[in-house]
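Data first, discussion second: the structure below is written as structure tokens.
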Amino acid sequence: MDISIFGLGYVGCVSIGCLAQNGHNIIGVDVNQNKIDLINSGKPTIIEADIDTIIEKQHELGRISATTDAKKAVIDSEVSIIAVGTPSSEKGHLNLQYIFAVAQNIGEAIREKDTFHIIALRSTVMPGTCDKIADIIQKSSGKQRNKAFAVVDNPEFLREGTAVRDYYNPPLTLIGSDNKEAAEKLSLLYKDLPGEIIISDLKVAEIMKYVNNTYHALKISFANEVGNICSELDIDSHEVMDIFCKDKQLNISPYYFKPGFAYGGSCLPKDLKGLQTLAHDLYVESPVIDSIDKTNENQIARATKLIYKYWNKKLGFLGLSFKEGTDDLRNSPAVRVIEALLGKGADVTIYDKNVNTTLLTGTNKDYVDARIPHLSKLLTSDLEQLLQDSDVLIVNTKEKEFIEKLENIEGKIIIDFVRLGDQFLGKKNYTGINWAINLETGKYISAEDTVI
């Protein structure tokens with residue numbers, strides 16, 4: 001393809017070299033004449049392993065050139081990649097003026113084009129930025145989005161020092177788009193690379209770089225806090241984390257990575273508290289570890305807030321224990337939510353076939369007695385009656401027996417704690433306690449709109 005790349009910094013320079021090496025004709029665009037001169041003399045604009053030899057060879061083959069003339073670059077290409085910087089303020093807000101200036105230039109060039117043009121954003125941006133870029137291009141070109149041009153998001157996941165290797169060995173390639181044809185055409189640029197090509201919603205793609213890097217920062221900080229605790233105890237922290245990483249079923253795996261409700265049970269809260277206490281007793285600050293239970297408390301409060309929006313309706317809970325298939329109520333977040341709702345005068349009925357108050361013993365019984373002393377009066381063994389009588393159904397289980405029943409429910413509000421909802425509703429954007437949906441209208445009700 002004929003491709004123009006706006007921004008000859010780190011991402012732009014690596015992209016120019018690697019795309020040219022894959023057989024494409026590349027026009028680099030920048031306002032910095034020094035960068036233009038470097039590319040046009042076969043030299044890279046950055047110091048990075050292997051990119052110098054790639055740029056030199058591809059320039060010799062005539063596949064690489066650079067210019068300050070944005071209009072000519074767009075007219076002479078079918079895809080424009082935006083890779084300009086998005087510097088952030090001290091408070092974390094992005095400066096998007098360079099991206100918007102590029103969008104203006106691209107739009108003015110598209111005004112003079114008769115062929116469809118694709119704009120791919122590689123810069124790291126907040127969700128909604130691609131729509132703003134499309135609006136600017138639409139206004140400056142006088143042409144309609146998805147008819148004369150399309151904007152897609154194609155975030156990069158390159159690490160400095162290994163950027164070329166990362167480019168050719170991606171774990172995945174992500175393209176966010178609202179235009180199927182544009183996404184499929186852009187995916188051809190990466191068809192020979194390993195890793196799955198994923199085409200997603202625009203905003204999903206836009207937020208991914210932030211999610212990835214925040215998690216990477218979390219991993220480093222968590223490991224360092226564990227290391228600090230181990231150091232005070234004269235324990236080899238590297239051996240600890242090496243063993244930790246060998247568990248590919250839970251520790252290094254997709255498990256526990258589905259957004260939904262809070263954690264509970266006897267193990268996680270107890271052992272987390274134990275490590276927090278150990279750090280405290282050793283006078284080791286561990287803000288990441290200390291914040292984990294605070295986040296969990298926030299999730300419980302969020303669920304309570306959403307449900308309390310319907311305080312004057314009959315609330316039916318499907319599942320009470322912290323994990324389906326058990327009668328373990330210890331630290332069950334559902335118990336905490338119900339306790340709060342009852343304190344506000346809510347009308348609650350509960351169905352959980354595994355919970356029998358006469359069989360509860362020990363700490364299990366003590367926990368629920370302290371929070372819902374009249375639990376036996378709230379429990380029902382008649383599921384059909386609960387489904388019929390309740391105005392709002394709160395799903396706190398993944399047991400399959402409920403799926404078929406909930407498929408046939410009409411005129412109820414369903415609030416899903418565990419994303420069972422996307423199985424029986426088929427709603428792509430159904431995200432647990434963040435949303436409720438009225439099955440009669442099919443409309444989502446945002447938790448953010450709820451005010452207690």
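The values are calculated or read from the model by the stated rules, or taken from the named source; none is laboratory data. This structure is a prediction, so every number in the text was calculated from the model and none was measured. Cβ atoms come from the backbone with ideal geometry, glycine included; neighbour counts cover every protein chain shown. Accessible surface is based on the protein model in full, side chains and every heavy atom, while ligands, DNA and RNA are left aside. Shrake-Rupley method; radii C 1.70, N 1.55, O 1.52, S 1.80 Å.
Points to keep in mind about this one:
- Hits in region 86-131 (condition: among the small types (G, A, S) and more than 21 Å from S187 (Cα to Cα)): S88, S89, G92, A101, A103, G107, A109, G128
- Per-region count, region 241-271, residues in contact with a helix residue (DSSP H, G or I) (Cβ under 9 Å, 6 or more places away or on another chain) and either more than 29 Å from V337 (Cα to Cα) or outside any loop (DSSP other than H, G, I, E, B) (or both): 5
- Pairs with Cβ under 9 Å, 6+ apart, first in region 310-331 and over 25 Å from D366 (Cβ atoms), second modelled with pLDDT of 85 or more and of a type in the set (K, R): W311/K344
- Among the residues of region 165-213, those that are of a type in the set (A, V, I, L, M, F, W, C), touching a helix residue (DSSP H, G or I) at 6+ places or on another chain (Cβ under 6 Å) and open to solvent by less than 70 Å² (accessible area, probe 1.4 Å) comprise L174, I175, I197, L202.
- Going through (1) open to solvent by 60 Å² or more (accessible area, probe 1.4 Å); (2) under 30 Å from D50 (Cα atoms); (3) touching a residue at least 24 places away in the same chain (Cβ under 8 Å) one by one, P155 falls short only on (1).
- Candidates Y283, Y310 - the one that is open to solvent by 50 Å² or more (accessible area, probe 1.4 Å), of a type in the set (S, T, Y) and assigned to a loop (DSSP other than H, G, I, E, B): Y283
- Residues in region 313-333 that are closer than 15 Å to L375 by Cα and either part of a strand (DSSP E or B) or touching a His at 6+ places or on another chain (Cβ under 7 Å) (or both): L315, G316, F317, L318.
- Residue in region 77-94 that is surrounded by the fewest Cβ atoms within 10 Å (Cβ to Cβ), counting only those that are among the polar types (S, T, N, Q) and under 22 Å from the mean Cα position of the chain (by Cα): S88
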